[in-house]
Amino acid sequence: MVFSGVPLGFNPILGTAGLMGVAINGSIVVLAAIQADPQARQGDVTALVNAAMGCTRHILSTTLTTIGGFLPLMLGGGLFWPPLAVVIAGGVGFSILLALVLTPAIYRVVMWYRPKTEVATQPV
């Protein structure tokens, strides 16, 4: 692989499949926080930022513990484990941007282009 200098083989490909689940999980946490806030659910930018910032501690702690857990394998795992560890640790580190920046931005764009529906009045 170009960035890390470790070869691409079965372990990194397997790690990529597992990494997809971790990256999606971070986005689910952010979307759940957005859905819990009525203003963020409507697409308010300030509320979206606050909802994403509220998830930062959870996502960052998960990311740092995952990278720390794979650090011994990256540094002293022989020839077999470092490619897997580099893919997962690097990907989890990059997934912070996806979860905390890209997910609220995409949500905002979707809410921007969503057709405005009239609120139905309920009978009294």
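Nothing in this text is a laboratory measurement; each read-out follows from the coordinates by a stated rule. Here the structure is a predicted model, which means the values were calculated and not measured. Cβ placement follows ideal geometry from the backbone for every residue including glycine, while neighbour counts extend to all protein chains displayed.
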At R0 = 22 Å, FRET efficiency that the Cβ-Cβ distance of Ile28 and Leu75 yields, to 0.05: 0.10
With Cα atoms, 0 to 90° folded angle of helix 103-113 axis to the chain main axis: 30 degrees
Acute angle (nearest 10 degrees) that the helix 10-36 long axis makes with the longest principal axis of the chain, alpha-carbon atoms: 20 degrees
Using alpha carbons only: equivalent-ellipsoid semi-axes of the chain, gyration tensor based, whole Å: 39, 14, 11
Rounded to 10°, Cα long-axis angle of helix 45-76 versus longest principal axis of the chain: 10 degrees
